[in-house]
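The values are calculated or read from the model by the stated rules, or taken from the named source; none is laboratory data. Please read these numbers as outputs of a predicted model, since none were measured by experiment. Glycine also receives a Cβ, built like all others from the backbone with ideal geometry; neighbour counts cover every protein chain displayed. Quick note on the areas: whole protein, heavy atoms, side chains included, nothing else; ligands and nucleic acids left out. Shrake-Rupley method; radii C 1.70, N 1.55, O 1.52, S 1.80 Å.
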Amino acid sequence: MVTPRISYAHLLAEPNPKHVESLLKFFEAGRSKRGTGGLGVEIEHLPVHDADDTAVSYYEPNGLEAFLKRLAPYYDESKEYWENGHLVGLAREGVAVSLEPGGQVEASIGVLHEPGDLNGLYADFRCEADPILEELGFRFVNYGYQPKSSFVDVPVNPKGRYDAMTDFLGRVGQFGPCMMRCSASTQVSIDYVDEKDSIDKMRVGTAIGPILAWFFRNTPYFEGRLNPYPLLRQRMWDYLDFQRTNVTPGLFDQRFGWEDYARDVLSTPLMFADLTHTPEAVESGLSRKELHRAAFRENAGEVYPDRELNAYEINHIISTHFNDVRLKNFIEFRHWDSLPIERVERLTEIIASLYYVPSNRIRLESYFDGLTEEDVFEAKANIQAHGRESNPYGQPLDFWREFLGLEGLLDDIPGDPKHPDVFQR
């Protein structure tokens, strides 16, 4: 009798064993580099015109390309990221600035040792960026979705992968182009000390993420109208492409480990192949277009050579997965709308308290002991169906506010100071 794999996704796909081993070493390296207490934060900002609140594009005069070029002197020239002759990313110690598909400007901050460290690094970013924004006639808004513009009005930026993603996600599931072009998020990352620690943290994060998303919801609008979904971000991602989103398949099976995660990631069609750091492909003389190409059916084993993967290839493969909680060489929680910095700091404090205060973590893991994938699906659906009257995991939201320590959420701070009375209700 053959014992089935823990994950029932991609049953007929067999990843390259050398690639599996590469990911296991990558996860192990994450363990060896970190102790406990590290935090990373990513905040995506929606650029909108001051005149009419519509989305700012990359290519327009005084648009995002002009913004990045004016911001560049504050960053490390050797860390600039160019694609197709266009500047699309900047970095320096502690902060990286990059573009999401629809021109959302992401500030990646960390590694932080205390949640309060976030403010200084973010303040430096805004102190440099805001005068440039004012000169160009637009501003950053922290909502989960563009306030005025539709996805059809927002072109994708010059990164090659986004053309392939548009083509692919425009043909599968729901809301792919909406997510790509008009949504914005806040993501918080934590570290892990070994395989068990990482899986335990992923399970708890997957369970509580939708509850925290409710308390930090921040999406007043969707496609130019009032947002009808209690959790729009969840609604978009859950129905996007199930083979790479939602709950990680098999996560709540007690046998689940790094190898199962690696097999799932490696078996999924890549959607987009990036061979720019694959020596065999570069040396073969492939054109830039051939090094960046669609891979709608091919998985990693069909794209990359029969050898151990390098770090760039590994990061690219993992980046084509968008589960609620993503394992890299750290753990990334992806549930939350874009938030103003004060609320981001509060969210980061809550995450740090739940995961890095031993008594809180023990209490959480004990409460969710025996949880199943189906329990999480039910809780997510319950919140979407009933909003403030929901009972995820059989408990009212007031219970979760107390149980998770969700006081002082600063939910009176607007995502757009120009419209201080606009909130998601």
Report, ordered by chain and residue number, the lysines lying within cross-link reach of Lys69, taken as a straight Cα distance under 19 Å and ignoring same-chain residues fewer than 8 apart. Lys79, Lys159
Which value, in Å² rounded to 10, gives the accessible area of Phe151 with a 1.4 Å probe and all protein chains present? 60 Å²
Theoretical FRET efficiency, 1/(1+(r/R0)^6), r = Cβ-Cβ of Gln395 and Asp197, R0 25 Å, to 0.05: 0.45
Between Gly103 and residues 5 or more places away or on another chain, which pairs have amide H atoms under 5 Å apart, with H built 1.01 Å from N, and which residues are they? Asn157
Compute the Kirkwood hydrodynamic radius of the chain, taking the inverse of the mean of 1/r over all pairs of distinct Cα atoms, and give it in Å to one decimal. 22.2 Å
Relative contact order [Cα under 8 Å, 6+ residues apart], the chain, whole percent: 23 percent
Count the net charge of all other residues whose Cβ sits under 14 Å from the Cβ of Tyr81, scoring Lys and Arg as +1 and Asp and Glu as -1. -3
In whole angstrom, note down how far apart the Cα centers of the range 120-188 and the range 46-74 are. 11 Å
Most mobile of Gln174, Gln243, Gln254 in a GNM of the chain (Cα contacts under 10 Å): Gln254
Simple spin-label estimate for Lys289 and Asn62 in nanometres, 7 Å along Cα-Cβ: 3.5 nm
Residues whose modelled amide H sits under 5 Å from the amide H of Asp337, counting only those 5 or more places away in sequence or on another chain, are Thr186, Asn218
Among Ala273, Ala385, Ala300, whose mean-square fluctuation peaks in a Gaussian network model of the chain (Cα, cutoff 10 Å)? Ala385
Roughly to the nearest percent, how much of the accessible area of the chain is carbon and sulfur, given a 1.4 Å probe? 52 percent
Under 15 Å Cα-Cα from Lys148, which aspartates and glutamates qualify once same-chain neighbours fewer than 8 residues away are excluded? Asp50, Asp52, Asp53, Glu223, Asp416
Nearby lysines by direct alpha-carbon distance to Lys380 (threshold 21 angstrom, same-chain neighbours under 8 apart not counted): Lys201
Computed on Cα atoms only, the convex hull of the range 5-78 has an orientation-averaged projected area in nm² of 11.0 nm²
Over the Cα atoms of the range 89-207, what is the Rg over Rh ratio if Rh follows Kirkwood? 1.02
May I ask you to evaluate 6.51 cos²θ - 1.76 cosθ + 1.60, the Karplus curve with θ = phi - 60°, for each residue of the range 278-293 and list the ³J(HN,Hα) values in order in whole Hz, giving x for glycine and proline? 9, x, 4, 6, 5, 6, 6, x, 4, 6, 4, 5, 6, 6, 10, 8
Only Cα pairs within less than 10 Å get springs; with that Gaussian network setup on the chain, which residue of Glu407, Glu378, Glu298 has the largest fluctuation? Glu407
Using bins 5 angstrom wide from zero, how does P(r) for the range 40-122 break down, in % of all Cα pairs? 3, 14, 24, 23, 18, 11, 6, 1
With n ≥ 4 as the cut-off for DSSP H runs, can you work out [θ] at 222 nm for the chain, using -39500 (n - 2.57) per run divided by the number of residues, rounded to the nearest 500? -12000 deg cm²/dmol
Within the range 147-239: Cβ-based charge dipole about Cα centre, in debye rounded to nearest 20 (Lys, Arg +1; Asp, Glu -1): 380 debye
